[in-house]
1. 5 Å is the cut-off here: which amide hydrogens, built 1.01 Å from N in the peptide plane, fall below it relative to Thr73, excluding neighbours closer than 5 in sequence?
2. If amide hydrogens are placed 1.01 Å from N in the peptide plane, which non-local residues have theirs closer than 5 Å to the one on Cys416?
3. Karplus couplings for region 406-419 from phi (6.51 cos²θ - 1.76 cosθ + 1.60, θ = phi - 60°), rounded to Hz, Gly and Pro as x?
4. Exceeding 21 Å between C-alpha atoms, which entries from my cross-link table qualify? They are Lys193/Lys574; Lys43/Lys574; Lys145/Lys600; Lys83/Lys514.
5. Could you calculate the FRET efficiency of Glu649 with Glu380 from 1/(1 + (r/R0)^6), where r is the beta carbon distance between them and R0 is 51 Å, rounded to 0.05?
6. Convert each backbone phi in region 314-326 into a coupling constant with the Karplus relation 6.51 cos²θ - 1.76 cosθ + 1.60 (shift: θ = phi - 60°), then list the ³J(HN,Hα) values in order as whole Hz, x for Gly and Pro.
7. I'd like the chymotrypsin sites (Phe, Trp or Tyr not before Pro) in region 80-136 restricted to DSSP loop residues with at most 14 other Cβ atoms within 10 Å, sorted by number.
8. For region 121-128, just list the computed ³J(HN,Hα) in residue order, Karplus coefficients 6.51, -1.76 and 1.60, θ = phi - 60°, integers in Hz, with x standing in for Gly and Pro.
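Only the coordinates and a few stated rules stand behind these numbers; no lab work does. A quick note: this is a predicted structure, and the numbers were derived from the prediction, not measured. In this analysis, Cβ positions are derived from the backbone assuming ideal geometry, glycine residues included, and neighbour counts consider all displayed protein chains.
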Amino acid sequence: MANLNRNSAKKRKQNKEDLKLVFDHKTQNPEVREINKEVQESKELWTQYNTSRDTWAQKFQEAIEFRSGAQWTKEQQEMLEAKGQAPIVVNRIHPIVETAKSLLTYNSPQFRSTGREDSDRRTAKVFSDLFQYMWEISQGDLELKQAIDDYYVGGMGVMQVYQDPDADLGKGEVMIKACDPLNLYIDPNSKDKFCRDAAHIIYAQYMTDEHAEQVYPEYSDIIANAAEEPEASDDYPTTSLSKQSSQTFPGDVEDRAHTVRRYLERYTREIHQYYNVFEPFANREYVYDVDEYEQYKQSLYVRLRKVTGEETIIWQPEAVEDLMNTLQEEGALFHLAMPPMQLDPQTGQPVPQEPVRVPGQEDENGIPGTTTAILPTTAEELIGLEQIMSNEVDVPRIKMVASVGDSLLYHRILPCEDYPIVPIMNVHLRTPYPESDVRLYRPLQEYINKIRSLIISHASSSTNVKLLIPRGSVDKRQIEEEWGRAGTAVIEFDAELGAPIVAGPVPLPNELYKNEADAKSDLEYGFGIYELMQGGGKGAPSTYRGTIVVDEFGQRRIKSRRDDIEDALNQLGKVAIPLMQQLYTEEKVIRLVQPNGTEKEERFNFYAEDTNGDVAKFHDVSAGSYDIVVVSGSTLPTNRMALLNNYMEMYKMGLIDQVEVLKKSEIVDIEGVLERSGQMQQLQAQNQQLEQELKKVRGDLQTADREAVHAKKRLEVEKFSSTLDKVSNRADMASSLFQARLGDQQKQLMNSEAPKEGPDNIFDEDES
């Protein structure tokens, strides 16, 4: 364990040195000519791209101001005021955009990672959690909302993935953020939706010297001596829209107390020589540049060769160091032997022994065939022995050049093939200048404003009574003064010259109101956001199920916008994976908040013993190839009641358990509910058991009652039978007596009919 801790500390130290190299932006021994060339190219490209997108940038800025309520030009406002009309703004666009944002970001996106070819599937699951972690620490929901807002208003949102070397106490984190599209300058010849075919992409940031020195403290001298650039406000075009005094937009603020400089980050795709390395014994795959490959070839491995000829390659750093210590202490050969048998003093039984490592050849106590040779080797030697596969390949890489003024800050090669800046284009026109919903449907909003201004102006003028009076009959100034006062106006006039005639207002045609309603409906149809989706109850079905159906059909239009967002996030994930693999090389533990409020802990890049007792690296995210995608529709809202009803039906059919049902409910304390539910189930089980016991007792009682009734009846029968026997006996006795008496009577009768002769008549003699 001591060796393991020592090795882990050594590994962390090495990783910190590697990170330092990764984030060390200073060029070693730079040539002034080369640096000036890079900076000059960035400035020239920025000027060229800025000129090409000038018209689009102005429309973008106008769309931002128009959505915020500045929907009249100065000329239009002056014309209305000259007519006595007020420039009324009925902003229908703003709530529609806000509703669309809330629908598209109702839930946080769910990421799903898969491994390519032989990549570890369990590690792929770690990447899914790692992306969720990146989303949480970057406040991805807020950043995505800003990007979607720019998507609807200006036509393009921008997301960027980057490495923050100062995050996590200097260990670094991969983060995402939303960028200002007006600070993005793309090759005008690009036709790809994500600008993957662009020769260059430039992102401009505007910072004061104080802010820049906080962001780049190692470059404070370069920043202080950099040439001054035009003010940041010069890059935000001016518009003809009349803004309110309370509204402030980018470019309106001028910081004259501090020097604001333009910082350019130029991204360029270049072809670089790399080496694809595969280690069959560890099932690991890496991609190294030339310098990294030279360092890799010096990596230390150990070959263990047994006397039988079997050979094993040890690659785990802790195991390699342990074997090298063995080589130093015991020699190049060792074998396994059983230590002397020991008895347990308490039980007197033999204590189980593990084989120990003994230097030198086998002896009589050794285990046969365990003699092993320690053969230190390097990756270069294993490549020569074809134990490691290595192929030279040309792959595209992104070069980033950062500059301020005429000075170079740093340049580095990113480990990704695509640009880390991903645009989300609305209406893609095969140019870097897409169209937006606000610009497309701006005429409808202007039409609504004009109609509403006319209606209000007519209503205002209708409240003032118009008088037609003969010239000279009354004082005109007196009429204006008196009629403008509150209460009753009393005006004298000359009847001979004629009486005033009251002229009533001409009502506005009903078609005007209908046109406004139609324009509102057309605006909602264009955005795909209907009144019911905005919370309005007009035209809603009377039944719950009907409302669900209408809501489901209403979301079909917005699902096309969902595809734009998800495609961009998938592209963002494609770039983020190599950035993560470059940064996360040492052990790391992340914690994620689950939907039920509980925390989930995930650990990766750690060393532990495997099933064979060998030290191995688990969940190595730095190796392998992986894909990450957003679960389709995971950000859209779902009808919780309908979904809950479906889950309840599946629960009743036994397809899912109650935990899955609770996940779809709005219950926060799911754990508490489950605990209480378990207690209730336990009580219900006990109650059921008691009911079963009570039912059994009741059955026994009924059986006893039936048996008692039978016993009672049996006693009565026995009693009746006994009585019957007595009666039968008495009857038999009476019958016998009757038969005896009948016999006697018959004898008497016979005797009385026979003649009396001598002494033979015994009865007569006896009677006499």
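1. Ser242
2. Distant-sequence amide H within range of Cys416: Ile398.
3. 9, 10, 8, 8, 6, 8, 8, 9, 7, x, 10, 8, 10, 5
4. On the way: Lys193/Lys574 15 Å; Lys43/Lys574 29 Å; Lys145/Lys600 26 Å; Lys83/Lys514 24 Å.
Listed pairs above 21 Å: Lys43/Lys574; Lys145/Lys600; Lys83/Lys514.
5. 0.20
6. In residue order, the calculated couplings are 9, 10, 5, x, 5, 5, 4, 5, 4, 5, 5, 5, 4 Hz.
7. Tyr106
8. Per residue, the Karplus-derived 3J(HN,Hα) values read 5, 5, 5, 4, 4, 5, 4, 4 Hz.
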